[in-house]
Structures are given as structure tokens and as C-alpha cells.
Ligand code: MRU
């Protein structure tokens with residue numbers, strides 16, 4: 001199922017004896033270690049600990065975890081009701097890991113519906129693979145769409161990691177950038193290091209190095225000044241959840257990139273598949289924002305960087321209002337301008353497309 005060399009999640013083998021393999025992203029770029037999972041609860045832990053991260057990759061991983069759960073259910077339970085009970089508990093454990101990434105809930109919902117009609121590991125794996133393939137294909141479409149907006153000579157800023165490591169395929173925002181480069185455009189990428197987990201420095205820079213795309217790593221706080229000095233002509237980021245009006249949640253700091261881009265009249269784009277849209281949420285104020293452990297902020301390695309009694313607030317995401325987003329590149333077309341009606345129009349075509357692309361669940 002992988003699209004190319006860099007990949008975050010892979011299912012190896014068949015339904016009854018296969019295993020889920022994740023690249024441990026906590027160790028990048030120093031070490032490339034792959035971890036093998038055979039149990040759904042261990043996968044839930046891996047998602048919470050950010051062995052795997054990035055909304056679409058989390059969704060694909062959770063789908064495979066439900067395959068593992070369906071296998072566990074066969075071993076421990078006699079009746080179908082007991083098996084569904086086991087699956088329901090696995091689904092709840094997975095759902096409790098990362099509250100903002102809506103792809104997680106999207107994938108779990110699809111897998112749960114499949115289990116209602118056929119909870120065999122074979123049927124569950126068929127759907128998980130289809131969801132993974134859907135992400136791979138969608139990434140390619142989005143990349144082509146977004147790359148058309150990038151011209152030779154541009155400086156392009158991105159925040160966090162929305163590349164192959166964050167999805168099942170080539171990535172969303174970074175897929176767009178990689179495609180522009182592969183098309184022969186002379187671009188230079190500015191990578192926000194992305195405090196506090198450094199997804200930009202550790203992951204995006206690693207991917208761009210591997211792809212041979214010229215880039216410069218900057219502190220998050222350098223972006224405004226780079227814009228002022230004419231080094232950036234376009235910004236593109238991913239999203240973890242997009243509300244019905246187009247407000248988009250993404251890694252903390254994305255909002256300030258958008259505000260700065262607006263001030264400097266620089267286009268700010270979002271790249272995200274339809275599985276990242278949450279039509280049930282009217283606007284960004286309703287998006288649940290994950291708050292992570294203070295330990296991500298109060299230390300640098302083993303060294304404490306603030307007084308012992310410092311109060312810490314560590315929201316993992318912020319919301320960029322639709323009014324600051326120039327357009328959204330999706331796997332079903334570009335949304336521009338970004339607003340409730342435009343989002344609604346695109347989502348209206350979603351069910352037909354999805355049923356065509358993925359076996360019914
Ligand atoms: O906390 P993370 O690393 O899971 O956050 C990831 C992001 O914010 C990404 O930009 C988003 O999930 C889109 S990934 C294609």
C-alpha cells in the first residue's frame with residue numbers, strides 16, 4: 001500500500017496472521033526504528049504517545065487496529081454479541097487517544113459500520129486497506145491540485161509535518177510541495193521547527209532532505225520577519241479538522257502563520273482530504289482542542305527550562321478562521337473562497353465519491 005519510500009504505517013501479511021508496522025516517529029531523525037503491533041490497545045498507546053501522528057496517518061492506523069481487534073475478538077469470544085462488545089471497547093480505547101484529529105473518528109466509524117455487517121478479520125482488513133488506498137489516491141490528487149498554485153522562484157512556508165509521515169500516502173501540504181519540486185519548479189521551502197514537539201525540525205526537514213527539496217529550517221517566531229523581507233510567497237499547511245464553515249484546526253502556531261500571511265498579503269492555503277472535514281461542527285469554536293502533557297514544554301531533553309512552579313498550558317492545536325484561508329486543496333477539488341456554502345457544495349458530492357472508491361460498509 002505504500003506510495004513510496006517514506007511511510008508511516010503498513011499492514012504486513014493477511015488478516016489472520018498479519019501485523020501492523022509503524023515507523024517510530026518519536027525517534028526521527030536520529031533513528032529509523034519500526035515497531036510491530038499485534039494488539040489494538042497497544043496501537044492506541046502508540047497513537048497517544050505519537051509513535052504515529054498526523055491526522056490521516058492516525059485514521060489509517062486506527063483502521064488497522066480494528067482489524068487486530070476483530071482477530072482478538074475471535075479468540076476470546078464465542079458469540080457475535082461478545083465479539084462486537086470487544087470491538088466496541090477497542091473502538092472506545094482508540095477514540096480516546098487524540099481528540100482533534102477527526103480522521104481518527106472517521107476511520108473508526110467506517111470500521112464499526114463494517115463490523116455490524118461482517119466482523120471477520122478478512123472483511124475488516126479489506127475495508128482498512130481500502131481506506132488506506134483512498135488516502136494514497138487522495139494525496140496524489142491534492143498534490144497535483146496544489147502544485148499548480150506554486151510557481152518557480154517561490155519561497156513556500158509550511159508548519160508542522162503534513163508529509164508522508166502524517167498520512168497513508170505522499171502527504172497533504174508536503175505532498176503539494178514535493179509535487180511542485182518533482183514538476184521541476186525551483187522552489188525553496190521554509191520549515192517552521194514547530195514547538196513543542198518539533199515535527200517541522202525532526203520530520204518535515206527529514207522528509208525534504210530525503211526528497212532533495214531545498215529548504216531552510218527556521219524558528220516558528222522567524223516567520224513574520226521572513227515574510228516582511230520578501231522570502232515567502234505562499235504558505236501551505238495541513239489540517240486536523242475542518243468545520244462546516246471552513247475554519248481549520250491544525251498544529252499550534254498555524255493560526256499565527258495565517259495572521260502573519262494575511263498582514264503581508266501572502267496566500268495561505270490548507271491541504272486536507274475530505275476525511276478531515278467535520279460537517280457536524282458548525283465552526284472552529286466547536287472543534288475539541290487536545291491539551292498535552294506539560295512535560296512537552298518544561299524541559300529540553302533532561303534539562304528543565306523553567307521554574308519548577310511554572311504553570312504550563314500546552315494546547316496541541318489552534319484554529320485558523322476561514323477568512324484567513326485563501327483556499328483548501330482537497331482530494332475532490334479546491335475550495336475557494338473558503339466559506340460555509342463552498343464547503344457544503346464539496347461535501348455534498350462526498351458520499352457518492354466515497355461509495356465509488358471504497359467497498360460498502
Ligand atoms: O500532533 P500531530 O503531529 O499529530 O499534528 C499533526 C498536524 O498538525 C498536521 O499538520 C495535520 O495532522 C495534518 S497531517 C496531513
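Each value in this text was obtained by applying a stated rule to the coordinates, not by laboratory testing. Remember, it's a predicted structure, so these values are computed and weren't measured experimentally. Positions of Cβ are generated from backbone atoms using ideal geometry, with glycine treated the same way; all protein chains shown enter the neighbour counts.
Nearest 10 degrees is fine. How inclined is helix 254-263 to the longest principal axis of the chain, computing both from alpha carbons?
Helix 254-263 sits roughly 30 degrees off the main axis of the chain.
Given the peptides 322-331, 155-164, arrange them by the average over their residues of other C-beta atoms within 10 Å, most packed first.
Peptide ranking by packing, descending: 155-164, 322-331.
At a Förster radius of 41 Å, what calculated FRET efficiency corresponds to the Cβ-Cβ distance of residue 79 and residue 293, to the nearest 0.05?
0.55
Using Cα centres only, tell me the gap between segment 1-69 and segment 268-332 in whole Å.
Using only Cα atoms to place each centre, the spacing works out to 22 Å.
So what's the back-of-envelope 222 nm ellipticity for the chain, counting only DSSP H runs of four-plus at -39500 (n - 2.57) apiece and dividing by all residues, rounded to 500?
It comes out at -12500 deg cm²/dmol, rounded to the nearest 500.
Give me the one-decimal nm value for the distance between modelled label points at residue 42 and residue 122, 7 Å along each residue's Cα-to-Cβ direction.
Those two pseudo-labels are separated by 2.6 nm.
Would you mind ranking 228, 251, 185 by Cβ crowding within 10 Å, fewest neighbours first?
So the ranking, lowest neighbour count to highest, is 228, 185, 251.
What angle do you read, to the nearest 10 degrees and between 0 and 90, between the alpha-carbon axis of helix 55-76 and the longest principal axis of the chain?
It is inclined by approximately 10 degrees.
Quote the FRET efficiency, to the nearest 0.05, computed for residue 183 versus residue 96 with a Förster distance R0 of 41 Å and r equal to the Cβ-Cβ distance.
Approximately 0.50, to the nearest 0.05.
Just want to confirm a number: the relative contact order over segment 144-283, from Cα pairs under 8 angstrom separated by 6+ residues, in percent.
Worked out over segment 144-283, it gives 26 percent.
Mind giving me the FRET efficiency for residue 30 and residue 305? R0 is 22 Å, r the Cβ-Cβ distance, nearest 0.05 is fine.
Calculated value: 0.60.
Once both axes come from the Cα atoms, what is the angle between helix 40-49 and the longest principal axis of the chain, in degrees from 0 to 90, rounded to 10?
With rounding to tens, the tilt is 20 degrees.
Would you order 177, 47, 289 from fewest to most other beta-carbon atoms within 10 Å of each residue's own beta-carbon?
So the residues, fewest neighbours to most, are 289, 47, 177.
What fraction of the DSSP beta bridges in the chain is antiparallel, stated in percent and rounded to the nearest 5?
If I count the DSSP bridges inside the chain, around 55 percent turn out antiparallel.
Contact order normalised by length for segment 120-187, with contacts defined as Cα pairs under 8 Å and 6 or more residues apart; what percent is it?
It comes to 38 percent, rounded to a whole number.
Over the chain, what relative contact order in percent results from Cα pairs under 8 Å that are six or more residues apart?
So the answer I get is 16 percent.
May I ask you to order 105-114, 145-154 by the average number of other C-beta atoms within 10 Å around their residues, highest value first?
Highest to lowest by the protection proxy: 105-114, 145-154.
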